[in-house]
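First comes the structure, then the notes that go with it.
The values are calculated or read from the model by the stated rules, or taken from the named source; none is laboratory data. Bear in mind that the values here come from a model prediction, so they are computed numbers and not experimental data. Neighbour counts run over all protein chains shown; Cβ positions are idealised from the backbone, glycine included. Surface accessibility is based on the protein's heavy atoms, side chains included, excluding ligands, DNA and RNA. Shrake-Rupley method; radii C 1.70, N 1.55, O 1.52, S 1.80 Å.
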Amino acid sequence: MSATPHQPTVTEREARQVAEAAREQDWRKPSFAKELFLGRFRLDLIHPHPMPAEDDVQRGEEFLAKLRDFCETKIDSARIEREAQIPDEVIDGLKDIGALGMKIDTKYGGLGLTQVYYNKALALVGSASPAIGALLSAHQSIGVPQPLKLFGTQEQKDVFLPCCARTDISAFLLTEPDVGSDPARLATSAVPDGDDYVLDGVKLWTTNGVVADLLVVMARVPKSEGHKGGITAFVVEAGSEGITVENRNAFMGLRGLENGVTRFHQVRVPAVNRIGPEGAGLKIALTTLNTGRLSLPAMCVGAGKWCLKIAREWSAAREQWGKPVALHEAVGSKISFIAATTFALEAVVDLSSQMADENRNDIRIEAALAKLYGSEMGCLMADELVQIRGGRGFETAESLAARGERAVPAEQILRDLRINRIFEGSTEIMHLLIAREAVDAHLSVAGDLIDPDKSLSDKAKAGANAGVFYAKWLPKLVAGPGQLPRSYGEFNRHVDLSPHLRYVERSARKLARSTFYAMSRWQGRMETKQGFLGRIVDIGAELFAMSAACVRAEHLRLTGQHGRQAYQLADAFCRQSRIRVDELFGRLWSNTDDLDRKVVKGVLAGTYEWLEQGVIDPSGEGPWIADATPGPSRKENVHRPIR
């Protein structure tokens, strides 16, 4: 694919360097997941389960009660689906109860909820309407409030946070028509001009962009005298002259989502609206996402709870061959999967969120794993619900109601959840991002050995450092507590969960050995082995989920909250998860990756084009990627702020 005239031409190496520079390089705090990938099962980092402060709980529960009442009395999910729009009065009502400011500090007019209760609120409102959940999440998790909280000046916080807490909806603008997960090719420019920057470019898939009042915009500042340049973040008022929302996009799900295409033409932005220094935009975006990613799995937890409720009620009422369908093993196994997975996913999200609130652990990998695992498992649970419901699962809620049956939107939840495997980092990108963090310790000591640009002296120094590191590290992967039959005995209660934790410990060491062997085998080609890296990450996700499930079960037992049942669900989940982990370990070395690459080359070369014969392509005419050449807009502005 050739670059358009305004599109930077970037080599693979240059793109990698931009992504690497945006990474948070240091590990100043411990990380359970990072240690897990290194073969060290640090249960002490997550057990006993961290607890929220009592005043945080009280404030959070009070808002949840208010939000539940609002959802039950003011939100008509069927209407939003039917009209493909959230009614203005609903958004006004959300503003009135403070939902725009859930994560904003009380001193700026927000509610000051913790990450735990923010996620619980998103799960609740997202179950009432996934489109509203997406609106609130995009506004607070990645929109203006979060990057200002982390990187904004005091003046910026004083000006913008009170607005975001009560009246102004925000959006985050990074993606462009020809730029997705490769930001090195970002084309939107911000040219310094006196005390301003002048923005030009086009942004795609701007969630909330159609109704937004404030925007976080990522743009490239050209390097010049007095300007470091690079991708930079700005707060931009959506009503500024030269901004045109050219289209409101429509999708297979989230039909109420106000997502658009936004064009900037000679838009003047005061320099005081720049967030952080020039060139720090991607780092700001990635750091914002460290906790921002938790909002998606939180809504997947809500979806899992709803799927379980519908599966339970329907499978008890529907009879086949003389008994409820739930009692038929083929259906029952699906219900067990939904119940056990919902329990584990809530354990992952709550644990990660509480660790984020305490700020004593680095949770960048945990949050990424939660997003990856939640989005994948959420889709699977919704798909299983559709299957359990049979033909009624495929039928729309409106059609069901029209013929006199309960309007259950099972097919809608499947459509609505599907985007989560793409939003805020696709599954494929999440695999690579997490894999990069997982092998960070190896690259820190041995990276120069496989870097073709390093000198012989650099490689020799790296070899010496690597020798010292691996001489200490490798022997520790041979044996551990997972081989001792009484390890983790405190988890032997109503059900014995200790074998699962011993399995996690053994598997963590096996995972680390597998990673080391792969790096030794492939060296510089390791980054091209995306199938292998994806499986490594998926194993880590399962081990993290098993750990969180066991810790949550013990936490619920100690606090007297359904401890016996929690142990049963944790046991069921761990047994299901172990089967998946064993399969993934087998597929590390026994797979079709090499053959797949050959087939792909054949497909691209047209070798199998004959296989496409005999069908009609109903696609319309037009380019694969829309032209994003900077310039004035030729379309009507569909921006509609809600005031």
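Miscellaneous remarks
- Qualifying residue in segment 165-173 (condition: over 21 Å from Phe264 (Cα atoms), touching a helix residue (DSSP H, G or I) at 6+ places or on another chain (Cβ under 8 Å), of a type outside the set (Gly, Ala, Ser) and in contact (Cβ under 8 Å) with a residue 60 or more places away in the chain): yes
- All conditions in (1) part of a helix (DSSP H, G or I); (2) within 21 Å of the chain's Cα centre (by Cα) hold for Asn361, with the sole exception of (1).
- Contacts under 7 angstrom Cβ, first residue in segment 599-627 being farther than 30 Å from Glu246 by Cα, partner assigned to a helix (DSSP H, G or I), 6 or more apart: Tyr608/Gly602
- Here Val210 meets the list (1) surrounded by fewer than 23 Cβ atoms within 10 Å (Cβ to Cβ); (2) in contact (Cβ under 8 Å) with a residue 40 or more places away in the chain; (3) part of a loop (DSSP other than H, G, I, E, B) almost entirely, failing just condition (1).
- Residue list for segment 241-263, filter: of a type outside the set (D, E, K, R) and either open to solvent by 30 Å² or more (accessible area, probe 1.4 Å) or at pLDDT below 95 (or both): Asn247, Ala250, Phe251, Met252
- Taking first residues from segment 438-458 that are in contact (Cβ under 8 Å) with a residue 40 or more places away in the chain and partners that are buried (at least 17 other Cβ atoms within 10 Å of the Cβ) and among the aromatic types (Phe, Trp, Tyr), the Cβ contacts under 7 Å between residues at least 6 apart in sequence or on separate chains come to Ala438/Phe37.
Residue by residue, here is whether (1) within 29 Å of Ala370 (Cβ to Cβ); (2) surrounded by 23 or more Cβ atoms within 10 Å (Cβ to Cβ) holds:
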| position | (1), (2) |
| --- | --- |
| Val267 | no, yes |
| Pro270 | no, no |
| Gly281 | yes, yes |
| Thr288 | yes, yes |
| Arg293 | yes, yes |
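- Residue count, segment 476-490 (criterion: in a helix (DSSP H, G or I), open to solvent by less than 80 Å² (accessible area, probe 1.4 Å) and closer than 19 Å to Phe516 by Cβ): 2
- For Leu122, the conditions (1) in contact with a helix residue (DSSP H, G or I) (Cβ under 6 Å, 6 or more places away or on another chain); (2) of a type outside the set (S, T, N, Q); (3) surrounded by fewer than 24 Cβ atoms within 10 Å (Cβ to Cβ); (4) in contact (Cβ under 8 Å) with a residue 60 or more places away in the chain all hold with the exception of (3).
- Residue within segment 351-367 that is open to solvent by 30 Å² or more (accessible area, probe 1.4 Å), closer than 12 Å to Thr291 by Cβ and touching a helix residue (DSSP H, G or I) at 6+ places or on another chain (Cβ under 9 Å) present: yes
- Scanning segment 601-608 for any residue that is assigned to a loop (DSSP other than H, G, I, E, B), open to solvent by 10 Å² or more (accessible area, probe 1.4 Å) and of a type in the set (A, V, I, L, M) turns up nothing.
- Every residue from segment 46-60 that is surrounded by 12 or more Cβ atoms within 10 Å (Cβ to Cβ) and assigned to a helix (DSSP H, G or I): Asp56, Val57, Arg59, Gly60
- Among the conditions (1) open to solvent by less than 20 Å² (accessible area, probe 1.4 Å); (2) in contact with a strand residue (DSSP E or B) (Cβ under 9 Å, 6 or more places away or on another chain); (3) not basic (Lys, Arg), the only one that Leu385 does not satisfy is (2).
- Put simply, of Gln565, Gln576 the only residue that is outside any loop (DSSP other than H, G, I, E, B), open to solvent by less than 70 Å² (accessible area, probe 1.4 Å), modelled with pLDDT of 95 or more and farther than 30 Å from Asn249 by Cα is Gln576.
- Being out of contact with any Ser or Thr (no Cβ under 9 Å at 6 or more places or on another chain) and open to solvent by less than 30 Å² (accessible area, probe 1.4 Å) is a property that Leu67 has.
- Among the helices (runs of 4 or more DSSP H) confined to segment 370-429, the ones with at least 2 residues that are under 22 Å from the mean Cα position of the chain (by Cα) are located at 410-418.
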